[in-house]
1. Name the trypsin sites (Lys or Arg not before Pro) in the stretch 351-390 that are in a loop by DSSP and that have at most 10 other C-beta atoms within 10 Å, would you?
2. ASP62 to GLU302: FRET efficiency via 1/(1 + (r/R0)^6), r the Cβ-Cβ distance, R0 60 Å, to the nearest 0.05?
3. With no solvent and one point per C-alpha, what does the Debye sum give as log10 I(q)/I(0) for the chain at q = 0.06, 0.11, 0.13 Å⁻¹?
4. Report the gain in length on full extension from ASN331 to GLU270: 0.36 nm times residue separation, minus Cα-Cα distance, nm rounded to one decimal.
5. Report the Cα centroid-to-centroid distance between the stretch 193-214 and the stretch 265-339 in angstrom, as an integer.
6. Given a 1.4 Å probe, how much area per residue of the stretch 78-201 is accessible, in Å²?
7. What percent does the relative contact order of the stretch 330-376 come to when contacts are Cα pairs within less than 8 Å and at least six residues apart?
8. Give, rounded to the nearest 20 debye, the magnitude of the charge dipole that the chain has about its Cα centre when Lys and Arg contribute +1 at Cβ and Asp and Glu contribute -1 at Cβ.
Amino acid sequence: MLALMLMLTMQTECDFRVIEGRIELPTGTHEAVAIARGKVREVGKASDMPSVPATCRTRLADDQTAFPGLTDSHVHLLGIGLREMTLNLDSARSVEDVKRALARTAEEQPEGAIIGRGWIETGWPEGRALDRRDLDEIVSDRPVLLTRADGHAMAVNTATLEAAGIDADTEDPEGGRIVRDADGQATGYLIDYAMDLVMPLMPELDVERRREALRLGAETYASRGWTSVHNMSVDGEDLPLLKELAAAGELPLRVANFVTRDAMGTVIEEGPGCDATGLVCNLGVKFYADGALGSRGALLKEPYSDEPATIGLRLLTKDDAMGVYREAASNGLQITTHAIGDQANDDILSWYGELREDFPKAVLRIEHAQIVDPVDLDRFASTGVIASMQPSHAIGDLHFAPERLGMERLRGAYAWNSLAGEGTLIVFGSDAPVEQGDPRIELYAAHVRQDLEGFSGEGWHPEEALSRAEALALFTTSPALSIGRGGSIGTLAPGFAADLSIFEGDPFAGPSQARAVATMINGRWVSGEAQ
Ligand SMILES: [Zn+2]
């Protein structure tokens with residue numbers, strides 16, 4: 001009896017498994033993959049695969065494709081989970097959409113403040129951001145706080161302004177702005193540090209809420225077809241929670257952590273590395289060199305084309321950077337720095353160049369690398385700097401980047417092909433929850449380089465779009481290489497972890513043309529199951 005039960009367990013777990021169908025790698029397409037004890041045994045022709053019990057043989061449907069497990073190389077996992085736990089507005093396409101979603105939530109949740117995130121007015125027919133009048137129309141008796149997708153602004157209703165004591169006399173806090181109408185009244189649109197004024201109305205981010213957000217973020221990501229993330233700007237509090245989730249079998253995702261500057265000491269103390277499950281790795285630390293393009297915070301060499309008085313924000317000085325860079329490098333941490341503007345990228349490339357002399361093996365990377373002076377493009381490869389870029393930012397920014405930068409500077413903007421041509425190691429990601437964090441949007445953006453309606457516009461350099469194979473590599477093999485795991489994850493080859501992302505339809509054709517069907521890590525289904 002015991003033997004029979006063991007056999008049955010073995011069969012349902014399928015230690016040996018063959019998946020037949022369209023298997024697409026950056027290097028070509030195959031008919032089948034054989035998996036033994038969590039690892040790829042063979043990839044190739046269906047007729048060459050070993051025999052396994054029928055229950056462990058999966059035949060993909062004709063319109064399904066299995067890809068090597070996809071990595072999102074820039075996410076904020078906690079924020080992804082928190083967005084799922086509150087009103088998620090990432091698919092709102094107009095002010096009216098937001099109102100409808102808010103009305104539904106108000107009905108489902110009849111008491112307490114309503115919290116939401118994910119709206120962005122780019123491309124909305126109303127051509128404007130949300131303000132208190134929109135929200136008051138739907139909910140006027142309790143606070144409503146809706147954070148913009150980028151996390152740099154928030155729309156609130158009048159009840160929120162009243163509860164927070166914000167009126168015409170309230171001064172703008174340093175680093176923030178309370179947007180006001182012609183009469184000096186707050187419109188309910190709060191920018192950057194002005195959001196702090198209403199933070200007491202948000203639910204407290206205690207350990208329980210953090211754990212649930214991380215769990216839900218990972219579950220959401222697995223269901224979308226991601227097997228792995230590079231988790232950015234991670235708070236120290238999240239590190240033990242992620243390990244606990246992994247140990248309890250509640251983390252359906254590989255998570256490589258790049259912590260905040262504040263948490264660097266914790267990783268140095270523990271030493272960089274992975275937990276016993278191999279799913280959670282604390283690898284590096286992330287710094288900020290400048291702000292973002294949308295808010296004209298990206299640090300440019302020449303003033304903004306649409307605001308000649310500003311060149312953006314410098315958030316890191318060389319003295320400061322070299323001190324922390326050396327501390328991180330001498331303790332074996334990977335170093336990454338957020339740099340969006342061409343001056344910020346130039347600075348960081350120079351500082352990394354100096355650091356490289358003393359730390360020839362250090363892993364150095366730049367997050368975003370969005371606007372690069374064409375004369376600096378070859379310095380990524382020559383200095384050995386990884387460019388971590390976000391295709392969805394390009395197809396969102398194309399609506400306003402030409403105004404901010406002018407035509408000339410667009411030559412080095414989101415320059416995927418040019419950077420790759422110089423031999424740069426590029427990794428692709430979404431920056432969710434700033435973007436939706438959907439592989440169908442990212443693969444489409446990388447390959448098509450137009451917004452989801454097919455628009456691109458003048459000066460958008462369609463030649464910087466990537467081939468299907470290149471785009472796929474930047475979500476699979478390159479991210480694995482960048483974190484030093486190029487020999488064990490990121491592709492389907494003998495001995496590699498059996499991580500698979502299976503889609504119905506073609507994810508490169510955009511979200512309306514495909515659906516995530518099943519996701520596998522180490523030979524086990526972590527979301528869905530291919531039949
Ligand atoms: Zn980010």
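The values are calculated or read from the model by the stated rules, or taken from the named source; none is laboratory data. Quantities reported herein were computed from a predicted structural model and do not represent experimental measurements. Neighbour counts are summed over all protein chains in view; Cβ atoms, including those assigned to glycine, are modelled from backbone coordinates with ideal geometry. The accessibility values were calculated without ligands, DNA or RNA, using every heavy atom of the protein model including side chains. Shrake-Rupley method; radii C 1.70, N 1.55, O 1.52, S 1.80 Å.
1. Here the trypsin sites (Lys or Arg not before Pro) that fit, given the DSSP loop and packing criteria, are LYS361.
2. So the FRET efficiency works out to roughly 0.65.
3. -0.30, -1.01, -1.37
4. Numbers: separation 61, 0.36 × 61 = 21.96 nm, distance 1.05 nm.
Working it through step by step, the gained length comes to 20.9 nm.
5. Result: 24 Å between the Cα centres.
6. Numbers: 5890 Å² over 124 residues.
I get 47 Å² per residue for the stretch 78-201.
7. Relative contact order here is 57 percent.
8. On the way: 48 positive and 84 negative charges, 422 e Å.
Result for the chain is approximately 2020 debye, rounded to the nearest 20.
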